[in-house]
Amino acid sequence: MSIEERRKFLKFLFAATITSVVPPHKLLGKIFPTLKNKEDELLGIYGISLLDYPQLNDLWGSVRIKVEGTIMYYPKIIIVRVPKDDYNVDFICVSERCPHEGYPIKDLDPDTHLFECSGHGTLFDVTGKYVWGPASRDLERINLHYDGDKTIYLEIPLYPLTKLEEKKDLAYLHQNNPNPCSDITEIQFGCLSRSFVEIKLFDMKGNFIKTIFAGECSSAGDIVRFSVEDLSNGSYLYRMFINGKPFNTKKMIVTK
Ligand code: FES
């Protein structure tokens, strides 16, 4: 694989999915980072356009972001628009991981503007500052730059560079798009080394339904298109196997 192909593969590997804050966490879009080396870290710079995510134009509006593939960072974060007069900034971005035992925080309470941990109830303010409960520490803040107009840039540490160079078996499975879906949906996946890949669909009890894809995968961005027309409404799991071993599982929602 050439250096350019590897770079392209890494952009796909570290793609971020943006979803709504309210269940069923509708997929709003996918963003690919600009990669940057900083000392022994690979950083991803993610540009989020306010034109694509109008939720962020509203005061207290928010979206959830999940960064795929990273091993340096808890991959789920939340970004909220806040009143500049009160916070001196337009946006705040925090990790969803509670520092107590790692449970995710719930959505921002619309009245109190507090986050509550889904594990043991610790409260944090919108800046991630600890307020009450067993965690006793703040949520992690993510570096953010807003250009004052249309784009927010997040800077996220992704991988130690030395470890990344050693890795030969990197792979990814993206969230199907659109999700929820009603007729055709697409699943993107990739493997750094030539491998035999299967993507299989299961119901939520783990019963096998059908094989979505089976074949060789070696490029940066294979995409399989899949019809859900013969499936009933509800939630499903699709699971990727590489050379027979389970690799990753995602949830697909069908609504017709
Ligand atoms: S994990 Fe959050 S309070 Fe325990």
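One table, with the values for the structure above:
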item: Count - residues of the range 206-223 that are among the aliphatic types (A, V, I, L, M), modelled with pLDDT of 95 or more and either under 23 Å from ASP169 (Cα atoms) or part of a loop (DSSP other than H, G, I, E, B) (or both); result: 2
item: Candidates ASP86, ASP111, filtered to the one that is free of Cβ contacts under 8 Å to residues at least 12 places away in the same chain and either under 27 Å from LYS38 (Cβ atoms) or assigned by TED's automatic domain parsing to the domain that holds LEU35 (or both); result: ASP86
item: Wholly enclosed strands (runs of 3 or more DSSP E) of the range 4-78 bearing at least 1 residues in contact with a His (Cβ under 6 Å, 6 or more places away or on another chain); result: 16-19
item: Test for ASN177: is it within 25 Å of LYS250 (Cα to Cα) and either polar (S, T, N, Q) or within 16 Å of the ligand (Cβ to nearest atom) (or both); result: yes
item: Neighbours by Cβ (under 6 Å, 6+ apart or cross-chain): first from the range 131-142, closer than 10 Å to PRO99 by Cα and without any contact (Cβ under 8 Å) to a residue 40 or more places away in the chain; second within 12 Å of the ligand (Cβ to nearest atom) and part of a strand (DSSP E or B); result: ARG137/TYR130; ASP138/TYR130
item: Positions within the range 1-34 being more than 11 Å from the chain's Cα centre (by Cα), surrounded by 13 or more Cβ atoms within 10 Å (Cβ to Cβ) and polar (S, T, N, Q), in sequence order; result: SER20
item: Matching strands (runs of 3 or more DSSP E) fully within the range 80-146 where at least 1 residues are within 18 Å of the chain's Cα centre (by Cα) and within 15 Å of the ligand (Cβ to nearest atom); result: 91-95
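Here's the yes/no breakdown for (1) at pLDDT 95 or above; (2) touching a Ser or Thr at 6+ places or on another chain (Cβ under 6 Å); (3) of a type in the set (Gly, Ala, Ser):
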| position | (1), (2), (3) |
| --- | --- |
| SER49 | yes, yes, yes |
| TYR73 | no, no, no |
| ILE77 | no, yes, no |
| ASP85 | yes, no, no |
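The values are calculated or read from the model by the stated rules, or taken from the named source; none is laboratory data. Values in this document were obtained by computation on a predicted structure and should not be read as measured data. Virtual Cβ from ideal backbone geometry, glycine too; neighbours counted across all protein chains shown.
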